[in-house]
1. Please determine, by comparing only the residues of region 42-51 that are touching a helix residue (DSSP H, G or I) at 6+ places or on another chain (Cβ under 6 Å) and not in a loop (DSSP other than H, G, I, E, B), which one is surrounded by the fewest Cβ atoms within 10 Å (Cβ to Cβ).
2. Quick one: which strands (runs of 3 or more DSSP E) lie wholly within region 137-208 and hold at least 1 residues that are open to solvent by 30 Å² or more (accessible area, probe 1.4 Å) and free of Cβ contacts under 8 Å to residues at least 40 places away in the same chain?
3. Assuming Arg91 fulfils every condition listed in (1) part of a helix (DSSP H, G or I); (2) touching a strand residue (DSSP E or B) at 6+ places or on another chain (Cβ under 9 Å); (3) open to solvent by 40 Å² or more (accessible area, probe 1.4 Å); (4) at pLDDT 95 or above apart from one, which condition is it?
4. Only one of Ile144, Ile130, Ile109, Ile72 is closer than 23 Å to Gln50 by Cβ, aliphatic (A, V, I, L, M) and over 15 Å from the mean Cα position of the chain (by Cα). Can you tell me which?
5. Looking only at residues in region 14-59 that are of a type in the set (Ser, Thr, Tyr) and over 22 Å from the mean Cα position of the chain (by Cα), which one is modelled with the lowest pLDDT?
6. Suppose we filter Met127, Met76 for residues that are in a loop (DSSP other than H, G, I, E, B), more than 15 Å from Val203 (Cβ to Cβ) and in contact (Cβ under 8 Å) with a residue 12 or more places away in the chain; which single one remains?
Amino acid sequence: MQFIQTFSDFHSAIETLDNGGRFYNFMTDANDGEITAAELAKAAGVFSDQQKMKIFLEMSMLNFSSQEKQRIYDMMPTKLQKKMAEQPLDRYNVHEAVEYGYTGQSVVITGIPKWSLNKTDFMGFIMIPIMAGSVTTFTMIPIIDNYDVYELRDEESDQTFIVAHAKGKGKLPNKVIQCGGILKELKSDKDKEVADKLFLEIVYCIDQ
């Protein structure tokens, strides 16, 4: 999880996105008028995760008009534009996330996070992959083993939604923020086959 800044204008977006990629991206050049996948990945702080790249881009362009957003997408190769179009991002308040969210969905949820030191507040289990040679198996572990977990609260409805980020990434402030990431399954009992609810694995945040 990392806090990101929204682009202040079109030119600041270009400075960030048309960056030449990482040092080993020999086929990309900074400030050449094209935004490649390698450049977008560098700006987003990932390597090849296009779902996270799309979340970063859309959150960064929060204050852009539809015309400004389209100008950014028009600077991408056709293949990358299509890939980005295949990664929709939905914006929810807490109530909408509870009502409409589904596993694997990219979302931005707005609310006030509350973190608790009481581990019994977040007794849920997540599935993680384990590699054994060339075989991948899955095991269930408590969510608090891998994540710092919060309840994201909606001021109007007073509903809550569980959000979490990897341990060691700092604490979220107790005020209105936007959390962007991917919805994942959370089980209340590790022996159940069906997930009881969802939680948001936070990738990026914007401080309101």
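1. Gln50
2. The qualifying strands (runs of 3 or more DSSP E) are 147-153.
3. Condition not satisfied by Arg91: (1).
4. Going through Ile144, Ile130, Ile109, Ile72 in turn, just one is closer than 23 Å to Gln50 by Cβ, aliphatic (A, V, I, L, M) and over 15 Å from the mean Cα position of the chain (by Cα): Ile72.
5. Checked region 14-59; the qualifying residue modelled with the lowest pLDDT is Tyr24.
6. None of the other options fit; the residue is Met76.
The values are calculated or read from the model by the stated rules, or taken from the named source; none is laboratory data. Note that the structure is predicted; figures quoted are calculated from it, not measured. Heads up, the Cβs are rebuilt from the backbone with ideal geometry, glycines too, and the neighbour counts pull from every protein chain shown. When the accessible area is computed, the model is the full protein with side chains, heavy atoms only, and any ligands, DNA or RNA have been set aside. Shrake-Rupley method; radii C 1.70, N 1.55, O 1.52, S 1.80 Å.
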